[in-house]
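Just below is one structure, and these are the notes that go with it.
The values are calculated or read from the model by the stated rules, or taken from the named source; none is laboratory data. Bear in mind the structure is a predicted one, so any value in this text is a computation, not a measurement. Note that we place each Cβ from the backbone using ideal geometry, even for glycine, and neighbour counts take in every protein chain shown. Note: areas computed on protein heavy atoms with side chains; ligands, DNA, RNA excluded. Shrake-Rupley method; radii C 1.70, N 1.55, O 1.52, S 1.80 Å.
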Amino acid sequence: MVVRAVLFDVDDTLVDYSTAERCGILGYLAELGVPAADRPAAAVYWNALQEQEFARYLAGELTFAGQQDARAVAMTRWLGRPAPADPAAWFRGYRRHYQAAMRPFDDVADCLRVVAAVAVVGVVSNNDEAHARRKLAATGLLDRFACVVCVDTAGCAKPDPAIFGYACRALAVAPHEAAYVGDNPGTDAVAAHAAGLTGVWLDRRSTAAATPPGVHRITDLAALPAALGLAAH
């Protein structure tokens, strides 16, 4: 296996999205005057809304902005408040707190430094490209990547093999010359493997689940260069 390109997922792979989401909504709820005792349950509901409405975006039922508006409306109703007159403005309030809490994982910088010395690096994400670029810029990572391929860029979403093929063409490599690293074993590692890439599951939580056939499994990005045979190059 000769890896010439390494592609990365963003949320919970490069950027600690889960922590930023929770801190962001808790901070915004405090700003909105929601009682402290009610905020933990509200944060759990907010996360469920994210998964529900983002799935509708990926299915083509909502635009990227539309899923944000839907979350704002549902959240305010859950809190027993009238739906916001401007859902986008409500969501921007949340986003201020979310972005303030957003951080790259501690193992990202060193991993990218080592990998980028021997391979070209890029991003494949199920986000909207403009949103992904803002996130990467805010965490100081954007300039590290030769391409940022997202749903609106490629016209499809993971696990569709076409999105991986689009990224490989953008980097002028064949799929078998590329690896893809992500925190979701199915949508990321297995899907990349099915598309002809080397699939790497970044299992940061060291779960007890079995490693899917045909993919590599690592628990932190420090192990990535060796897993791909890049450390000795």
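Taking the square roots of 5 times each eigenvalue of the Cα gyration tensor of region 1-90, largest first, gives ellipsoid semi-axes of 29, 17, 10 Å.
Nearest 20 debye, what's the magnitude of the dipole of the chain about its Cα centre given +1 on Lys and Arg Cβ and -1 on Asp and Glu Cβ? Walk me through the numbers before you get to the answer.
Values: 21 positive and 25 negative charges, 55 e Å.
Result for the chain is approximately 260 debye, rounded to the nearest 20.
Extension gain, Arg205-Glu51: 0.36 nm per intervening residue step, less the Cα-Cα distance, totals 53.5 nm.
Stokes-Einstein at 20 °C, 1.002 mPa s, Kirkwood radius from Cα pairs: D for region 138-195 in µm² s⁻¹? For these conditions, the coefficient is 179 µm²/s.
Between Val118 and Ala172, what FRET efficiency comes out of the Förster formula 1/(1 + (r/R0)^6) with R0 = 22 Å and r the beta carbon distance, rounded to 0.05? Provide the component values of the computation, followed by the final result.
On the way: r = 16 Å, r/R0 = 0.73.
About 0.85, to the nearest 0.05.
To the nearest 500 deg cm²/dmol, what mean residue ellipticity at 222 nm is calculated for the chain from DSSP H runs of n ≥ 4 alone, each contributing -39,500 (n - 2.57), summed and divided by the residues?
Numbers: 10 runs with 106 residues, N = 233.
Roughly -13500 deg cm²/dmol at 222 nm, from the helical runs in the chain.
In the chain, carbon and sulfur make up what percent of the accessible area (probe 1.4 Å)? Walk me through the numbers on the way to the answer.
Numbers: 5530 of 10240 Å².
Here carbon and sulfur together make up 54 percent of the probe-accessible area.
Rolling a 1.4 Å probe over the heavy atoms of the protein chains gives region 1-118 an accessible area of 47 Å² per residue.
Summing +1 for each Lys or Arg and -1 for each Asp or Glu, what net charge is found among the other residues whose Cβ lies under 13 Å from the Cβ of Ala222? Provide the component values of the computation, followed by the final result.
Details: positive: Arg113, Arg204; negative: Asp106, Asp107, Asp110, Asp220.
Neighbour charge sum, excluding Ala222 itself: -2.
Using the scaling law 2.2 N^0.38 Å as the reference, what is the normalised Cα Rg of region 100-200? After normalising by residue count via 2.2 N^0.38 Å, the value is 1.02. Distance between the pseudo-spin-label points of Thr76 and Glu61 (7 Å out from Cα toward the beta carbon): 2.2 nm.
Taking the centroid of alpha carbons for each part, region 143-191 and region 64-121 are 21 Å apart. Under 5 Å between amide hydrogens, built in the peptide plane, is the criterion, and for Ala179 it picks out Ala5, Val6, Leu7, Thr198 among residues at least 5 positions away or on other chains.
Between beta-carbons, use under 9 Å as the cut-off and find the net charge around Gln99, counting Lys and Arg +1, Asp and Glu -1. Walk me through the numbers on the way to the answer.
On the way: positive: Arg95, Arg96, Arg134, Lys135; negative: none.
Residues close to Gln99 contribute a combined charge of +4.
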